[in-house]
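Here's the structure, in structure tokens; my notes come after.
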Amino acid sequence: MVGRLSKRLAHGALLLLFAVFLSYVISSAALSPRAYFEDRQPRPSAATVDHELALLGTDDRTPVLERFGHWSWRAVHGDLGRTVDGGSVNAEFGRRIGVSTRLLLVGTLVGTGLGVLAGLWAAVRRHRLPDRALTVFSFLVLSVPTFVLALLFKEGALWFNQSAGHTVIRYTGERTPGLTGSLATHLKDRAAHLALPAATVALGAVASYSRYQRGATLDVLGSDHLRTAQAKGLTPGRALLRHGLRTSLIPLTTFFSFGFLTLFTGAVFTEEIFGWPGMGSWFMDSAQKGDINSVVAVNLFAAVTVLLAGFVADVLHAVLDPRVRTR
Amino acid sequence: MTAAKVLDVEDLHVSYAGSSRTPLPVVRGVGFSLRRGEVLGLVGESGAGKTATALALLGLLPPGARVSGSVRLLGTELVGLPVRDLARLRGRRIAMVFQDPLAAFNPAQHIGDQIAEALRIHQRPQSARELARGRARELLEGVGVPDPSRIARSYPHELSGGLRQRAMIAMAIANDPDVIVADEPTSALDATVQAQVLDALENARRATGAALLLVSHDLGVIAGAADRVAVMYAGRIVETAPVDALFARPRMPYTLGLLGSVPRLDAAVALTPIPGGPPAPGSAGPGCSFAPRCPLATEACRAGEPEPAGSEGHLAACVRQDALAGRAAADLFPASAPLRRTSPGGAPLLRVAGLTKSFPLPGSSGFRLRRKPAEVRLALEGVDLEVRRGETVALVGESGSGKTSTLMEIIALGAPESGTVEIAGYDTSVLSRADARRLRGSVQILVQDPMASLDPRMRVADIVAEPLHAQRVPKETIAARVPELLRRVGLDVQDAERRPHQFSGGQRQRIALARALAVRPELLLLDEPVSALDVSVQAGILDLLRRLRDERGPACLFVTHDLAVVRQIADRVVVMYGGRTVESGPVTDVFGSPRHPYTRALLSAVPLPDPAAERARARIVLPGEPPGAGERSTGCRFRGRCAVYTALGEERRRCERETPATNGAGPPGEHTSACHFPYDAKGVPARLRPEPEEHPPVR
Amino acid sequence: MSTDAVNTEAVVLRGRGATAGRALLRSPGALTGLALIAGLFVLAYAGPYMTNWNYTDIDYTALRSAPGARHWMGTSRIGQDVFAQTVRGLQKSLLIGALVALASTALGAAFGTCAGYFGGWVDRMLMFVVDLMLVIPGFLLLVLLVPRLRGLGWPAFAGLLAALGWMITARAVRIMTLSLRERPFVAAAQHMGVGPFRIIVRHVLPHLASFLITDATVAVAAAVISETGLSYFGFGVQPPDVSLGTLIASGSDVALTCPWMFFFPAGLLLLFVLAVHLAGDALRDILDLGSDRAGSLR
């Protein structure tokens, strides 16, 4: 099992290497930091632009492979370069990573947790009211693109606040700037800001996970080993709880890594719409500015989290299913 | 029989929800009773309603099934009992052994824990987990599992089929039940392992004093294990009798035909396939459901469903019982042609010598530049065999012995890892493209599951024509040949327009055979072609294969695990064990005086469909498990299970060090074996006396 | 051996096409979904002829006017007819969605069958590419690449969406091909000497047809969602052309004051995706499939 997982890690590292290289080449080909500098008012001289580009390491007159070489040399030493505005990518990365990770983590945990529970419930109450209600709910949710969902939440909060006459629901930013007070005040403030974005990210996940868990549970309900459990003298409910739950989670692990991709994309939209200073909004800003170093940094973050999600899925699979553990 | 009734079933009906909302009756008024300590064999072909009956007893039918009638367990009515009360009886008073132990165990829990759970469910208060685990190990030991502590800590997928099934039996008897229901407990197992499992089941039953309902399609198993037998057909019990009476004097034409279509190990006999097939659920009646296939049927048979009648506990649901008296199966049903063995004089068509094949270990694939030599399993370690024109050679052995791998190596028409494959004089390792194409046409294969081997989306005509297209045969020739092929395998020409799913299992195998014969092959490879079929259908296919031989059809290499079938169809037999050829020769010689200890054990494990003979014969129960593919070994691979080796003194070193070579070499086709200490023609092992211990007959 | 086996067999035994057709007509979900999809396509293509306003026309006499007889869905802040714009946007979104779905499913089928059937290094190379393309969320690449291809118009945009959307289909197809390859009828064809591509076309693809149909259906929704999302952020369809995404973007900040500008395009988008999901789910049930296009871009 350890051998298998370490093999997966090695495979992941190789993928990461290729992914970073690819994203560097694509960013360099697609983005033009030169245009960004030339558009500045007053228009800087050609020499100034060249100088700025050279400082960034994104001078388009140098071959892209050479630029990548320089970039990766610094990257392995822990320096992701500078942004077009002269700041440190590392510093920006550090500021934003916590914001994004919090949103992704809460979204994933709430989404999978609630989704699995809801799916289980629906399967057990198959064709009855809870099942039908959940089916309608998940269909509706899955039919609303994340960005529309975020907009609806935002407008809803705005409308609610207007009706209430003061700010009840927070819908911009990740915290109230300049807030003073105890740790508890800060935590409450963060939680209040987190509610809507987290709901946006998690809701889609709840809907899709509940569909999968429902299907997986129904499969298990018809399985031979659940029948054996009943033949031993367990009631159907206890048989499902003791023998069905774990096996029904096994197929879900495969879905987890794909589901995370969807969730990640949703989080990018959500950050942008709710004005969260996270990786997603950084990416959007940087892409518009032609900031290659920042874009590559975000891609690196994306690749690492996606690979990590895949690895977590593998570990979960191996933990749940002894059949995939090779001795 | 004076023992008390423990289970009483009356007028049991089961129906499943059909696709068009009309319920499909699968069990129609079944009644029987079981007394303490009694074994009732419930026998019948696919779709007869055996499994549904068994599941209905425990209330384990899938949701949507409707049950009516009465099942009384020790006086308690089970039909309609609330789930909670039923759960208290299941596993404690009535337990079940399922057909497929791999699927029936929870894949993610240790075997020992699953057995321990069966104990603790019914304990008030529950005993400590450790205590229950200890009892689980005792139970495993009780069913003859070697190293019970290790087995208890294993997951189901880590065990062989035989061990899993014995663990399932241990779980069933955990609470000393009064009734054990075993649904086809050995149908997925090799004959040698089947013998172990049947022993375990019998011992478990003796230890608990429970009554056993043994559901099986295998008349041999029933003959050896049952006290009484109930024969099911189309959802009803059509005949029930003490085992000897049923086999000796069946009173229902169906039973007679069924008995007549079972191939026997002890003689090549004319088989009597029963024409037609059983009615689909819901379409039986109004009269006797067997009447459409019955040669004795009269107007009275078609008028109404006959009730069981008879005397001395021998009841048959047949109004023509008297007309049946004294008749043999061959008097009623069209018997197949007798087997004419060809003289071993043909020219060699296929020659395999020293063939080896290895597979990479699972998990060692993926990105890898060098493959370490240790990470392979040997599936074939040295196969020698020969097929001559016009003859049928059977390749036998347990699962994992490499039979199918051998066929696949032959059909691949490529260069083997080592050894040679020669077909019609061509060495397959040095084939030119043109020769390869020609050989593709002259070697065809027929596999076990005809449904799976026919593309369900194609018409029969296209299926049969596919190899002809691949051989670039002109369209007009194909159009002419397809109907001729269909006729030859006993199908209608109109069948060409239908699709595989519209046919029964036996007919599908006929389609597959027509396809294989389309390009007029010289060599036909058959991989368990009849083992997925019911006996009455199997007999028809065997008959067809025999007739093809007589028409100077292709030479056949016939892979099977069923030695009784070998007796009916083959000229010569090749026995494989652990990827090696251990014995070969004419069927009569090898079956009559087997030389290799393994062949002897294999032959003795086959149950006879004859209660008296089955009780009388000596049975060698092989210890241990059949070896899977393994690492390269030195010496004889069989020695771990070999009675001769166990009894040897210093001489056993030879078995450990030297890989036995084929001895008794004479002219090709003669009886040979690869054993250092083979048995002689009188059944006495060379240089060994006394006779190795043979287990006494089980019953 | 068991009656269950006989029963399930009996179910499979019906002619598949005919059964699927009948089941489709009996399933209210499928009927509603398909009717809605058809209705929306009709609206998208017939809509422009139902009104006198062109989507680029500006009615200076009616800025931000509420829905009424003159402008069925009201007007935008510069006096464009929202109905004309919405049907035009719907047209573009559906067209892109359908093309992308078709192309990505075809790509996925081609790569998946080849990887699964040939195995070995072909499989490893193709799956490495798939893994690689899944590691960086496609949306990020689209944000980078779309502005570059702006000069080539929406077909290039659609092509890019397809090029970044086939991987999960390919994975699913590969898994199914792997199991199909083990099926005896494929082995039988190989033993007969039938060539690999002929086997893929004759024996593998027909068995994937039901999956591919369902997959393509659901992919239309996924593509429309991707397209509108990108367009919303300004990376997709460019003015003066409109798509549902650009309309939602321009309407979102006035959603409370001029709700018609936001809710008509958003509502149609929602309705379409819902219809596709309804139809897709019913199709999957009818064609009896367990898997889903799990990781579609949302």
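Suppose the filter is assigned to a loop (DSSP other than H, G, I, E, B) and at pLDDT 90 or above; does B:Pro521 pass it?
yes
Which residue, of B:Ser33, B:Ser46, is without any contact (Cβ under 8 Å) to a residue 60 or more places away in the chain and either touching a Ser or Thr at 6+ places or on another chain (Cβ under 8 Å) or in the same structural domain as B:Ser70 (by TED's automatic domain parsing) (or both)?
Step by step, each of B:Ser33, B:Ser46 is checked, and only B:Ser33 is without any contact (Cβ under 8 Å) to a residue 60 or more places away in the chain and either touching a Ser or Thr at 6+ places or on another chain (Cβ under 8 Å) or in the same structural domain as B:Ser70 (by TED's automatic domain parsing) (or both).
What is the one condition in (1) out of contact with any Asp or Glu (no Cβ under 7 Å at 6 or more places or on another chain); (2) surrounded by 14 or more Cβ atoms within 10 Å (Cβ to Cβ) that A:Thr176 does not satisfy?
(1)
Take the conditions in contact with a Leu (Cβ under 8 Å, 6 or more places away or on another chain) and at pLDDT 90 or above and apply them to A:Val295. Does it pass?
In short, yes.
Tally time: how many residues in region B:132-166 are of a type in the set (S, T, N, Q) and outside any helix (DSSP H, G or I)?
Result for region B:132-166: 2.
Need a quick list: helices (runs of 4 or more DSSP H) entirely within region C:162-265 having at least 2 residues that are under 28 Å from A:Gly259 (Cα atoms).
On the way: elements: C:167-181, C:184-192, C:196-199, C:205-232, C:244-252.
Correct list: C:167-181, C:205-232, C:244-252.
If the Cβ limit is 8 Å and pairs must be 6+ apart or interchain, which residue in region A:152-175 that is within 11 Å of another protein chain (Cβ to nearest Cβ) and free of Cβ contacts under 8 Å to residues at least 12 places away in the same chain pairs with which residue that is of a type in the set (Gly, Ala, Ser) and crowded, with 16+ Cβ neighbours inside 10 Å?
Close Cβ pairs satisfying both conditions: A:Leu152/C:Ala266; A:Glu155/C:Ser252; A:Glu155/C:Ala255.
Scan region B:651-697 residue by residue and report those that are touching a strand residue (DSSP E or B) at 6+ places or on another chain (Cβ under 7 Å), small (Gly, Ala, Ser), part of a loop (DSSP other than H, G, I, E, B) and modelled with pLDDT of 80 or more.
Of everything in region B:651-697, just one residue is touching a strand residue (DSSP E or B) at 6+ places or on another chain (Cβ under 7 Å), small (Gly, Ala, Ser), part of a loop (DSSP other than H, G, I, E, B) and modelled with pLDDT of 80 or more, namely B:Ala674.
Looking only at region B:113-128, which residues are under 21 Å from B:Arg88 (Cβ atoms) and either part of a helix (DSSP H, G or I) or not assigned by TED's automatic domain parsing to the domain that holds B:Arg90 (or both)?
Across region B:113-128, the qualifying residues are B:Gln114, B:Ile115, B:Ala116, B:Glu117, B:Ala118, B:Leu119, B:Arg120, B:Ile121.
Scanning region C:117-135 for residues that are over 21 Å from the mean Cα position of the chain (by Cα), within 11 Å of chain A (Cβ to nearest Cβ) and among the hydrophobic types (A, V, I, L, M, F, W, C), which turns out nearest to C:Glu227 (Cα to Cα)? Outline the logic, then answer.
First, pick out the residues of region C:117-135 that are over 21 Å from the mean Cα position of the chain (by Cα): C:117-129, C:131-132, C:135.
Going one step further and asking which of them are within 11 Å of chain A (Cβ to nearest Cβ), we end up with C:124, C:127-129, C:131-132, C:135.
From the residues that got through so far, the ones that are among the hydrophobic types (A, V, I, L, M, F, W, C) too are C:127-129, C:132, C:135.
On the way: C:Met127: 26, C:Phe128: 26, C:Val129: 24, C:Leu132: 22, C:Val135: 20 Å.
It comes out as C:Val135.
Assigned to a helix (DSSP H, G or I) and of a type in the set (A, V, I, L, M) - does that describe any residue in region B:393-403?
Taking region B:393-403 and keeping what is assigned to a helix (DSSP H, G or I), we get B:403.
Filter once more, so that each one left must be of a type in the set (A, V, I, L, M): none.
No, that holds for no residue.
Taking C:Tyr55 as the residue in question, decide whether it is away from chain A (no Cβ under 14 Å), under 27 Å from C:Ser252 (Cα atoms) and in contact with a Pro (Cβ under 9 Å, 6 or more places away or on another chain).
On the way: away from chain A (no Cβ under 14 Å): yes; under 27 Å from C:Ser252 (Cα atoms): yes; in contact with a Pro (Cβ under 9 Å, 6 or more places away or on another chain): yes.
Considered against the rule, which asks whether it is away from chain A (no Cβ under 14 Å), under 27 Å from C:Ser252 (Cα atoms) and in contact with a Pro (Cβ under 9 Å, 6 or more places away or on another chain), C:Tyr55 comes out as yes.
Where residues in region A:98-129 are outside any helix (DSSP H, G or I) and of a type in the set (D, E, K, R), which of them is surrounded by the fewest Cβ atoms within 10 Å (Cβ to Cβ)?
My answer is A:Arg128.
Conditions (1) closer than 24 Å to B:Glu528 by Cβ; (2) out of contact with any strand residue (DSSP E or B) (no Cβ under 8 Å at 6 or more places or on another chain); (3) at pLDDT below 90, marked per residue:
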{"site": "B:Thr404", "(1), (2), (3)": "yes, no, yes"}
{"site": "B:Glu417", "(1), (2), (3)": "no, no, yes"}
{"site": "B:Leu439", "(1), (2), (3)": "yes, no, yes"}
{"site": "B:Ser442", "(1), (2), (3)": "yes, no, yes"}
{"site": "B:Ile445", "(1), (2), (3)": "yes, no, yes"}
{"site": "B:Gln448", "(1), (2), (3)": "yes, no, yes"}
{"site": "B:Leu486", "(1), (2), (3)": "yes, yes, no"}
{"site": "B:Gly490", "(1), (2), (3)": "yes, yes, yes"}
{"site": "B:Val493", "(1), (2), (3)": "no, yes, yes"}
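Can you tell me which condition C:Asp253 does not meet? The list is (1) crowded, with 22+ Cβ neighbours inside 10 Å; (2) within 30 Å of C:Val146 (Cβ to Cβ); (3) within 12 Å of another protein chain (Cβ to nearest Cβ), and all the others hold.
Going through the list (1) crowded, with 22+ Cβ neighbours inside 10 Å; (2) within 30 Å of C:Val146 (Cβ to Cβ); (3) within 12 Å of another protein chain (Cβ to nearest Cβ), C:Asp253 breaks only (1).
For residues that are at negative phi and crowded, with 18+ Cβ neighbours inside 10 Å, scanning just region B:410-430, find the one that is nearest to the other protein chains (Cβ to nearest Cβ).
Of everything passing the filter in region B:410-430, B:Ile411 is nearest to the other protein chains (Cβ to nearest Cβ).
Could you list, in sequence order, the residues of region B:136-173 that are within 14 Å of chain A (Cβ to nearest Cβ), of a type in the set (D, E, K, R) and buried (at least 18 other Cβ atoms within 10 Å of the Cβ)? So that I can check it myself, show each step before the final result.
Taking region B:136-173 as the starting set, the residues that turn out to be within 14 Å of chain A (Cβ to nearest Cβ) are B:136, B:139, B:150, B:153-159, B:164-165, B:167-173.
Still in the list and also of a type in the set (D, E, K, R): B:150, B:153, B:158, B:164.
Answer for region B:136-173, where residues must be within 14 Å of chain A (Cβ to nearest Cβ), of a type in the set (D, E, K, R) and buried (at least 18 other Cβ atoms within 10 Å of the Cβ): just B:Arg164.
If the requirement is being modelled with pLDDT of 85 or more, within 29 Å of the chain's Cα centre (by Cα) and over 30 Å from A:Ala195 (Cβ atoms), which of these qualifies: A:Val25, A:Val84?
A:Val25
Looking only at residues in region A:180-201 that are of a type outside the set (A, V, I, L, M, F, W, C) and assigned to a helix (DSSP H, G or I), which one is nearest to the other protein chains (Cβ to nearest Cβ)?
A:Thr200
Considering (1) among the aliphatic types (A, V, I, L, M); (2) within 19 Å of the chain's Cα centre (by Cα); (3) buried (at least 18 other Cβ atoms within 10 Å of the Cβ), say which one C:Ala189 fails and leave the rest.
Every listed condition holds for C:Ala189 apart from (2).
Test A:Arg190 against the stated conditions and say whether it is among the charged types (D, E, K, R) and either over 26 Å from A:Ala309 (Cβ atoms) or buried (at least 21 other Cβ atoms within 10 Å of the Cβ) (or both).
On the way: among the charged types (D, E, K, R): yes; either over 26 Å from A:Ala309 (Cβ atoms) or buried (at least 21 other Cβ atoms within 10 Å of the Cβ) (or both): no.
So A:Arg190 does not fit the description; no.
Sort out which residues of region A:202-256 are over 26 Å from A:Phe139 (Cα atoms), facing chain B (nearest Cβ under 8 Å) and among the small types (Gly, Ala, Ser), and write them in order of number.
A:Ser223, A:Ala229, A:Ala231, A:Gly233
Restricting the search to region C:138-159, which residues are of a type in the set (Phe, Trp, Tyr) and more than 13 Å from chain A (Cβ to nearest Cβ)?
Hits for region C:138-159 are C:Trp154, C:Phe157.
Search region A:11-62 for residues being more than 13 Å from chain C (Cβ to nearest Cβ) and either aliphatic (A, V, I, L, M) or in contact with a strand residue (DSSP E or B) (Cβ under 7 Å, 6 or more places away or on another chain) (or both), and hand back the single one that is surrounded by the fewest Cβ atoms within 10 Å (Cβ to Cβ).
Only one residue fits best here, namely A:Ala47.
Restricting attention to region A:77-88, does a residue exist that is within 14 Å of chain C (Cβ to nearest Cβ) and surrounded by fewer than 15 Cβ atoms within 10 Å (Cβ to Cβ)?
no
Which one of B:Asp427, B:Asp435 is in contact with a strand residue (DSSP E or B) (Cβ under 8 Å, 6 or more places away or on another chain) and closer than 18 Å to B:Gln471 by Cβ?
B:Asp435
Can you list the strands (runs of 3 or more DSSP E) found entirely within region B:536-639 that contain at least 2 residues being of a type in the set (A, V, I, L, M, F, W, C)?
B:555-560, B:572-577
Inside region B:90-130, can you point out the residues that are within 9 Å of chain A (Cβ to nearest Cβ) and of a type in the set (D, E, K, R)?
B:Arg90, B:Arg92, B:Asp100, B:Glu117
The values are calculated or read from the model by the stated rules, or taken from the named source; none is laboratory data. Keep in mind that this is a model prediction, so the values were computed, not measured. Don't worry about glycine lacking a Cβ; one is built from the backbone with ideal geometry, like all the others, and counts go over all protein chains shown.
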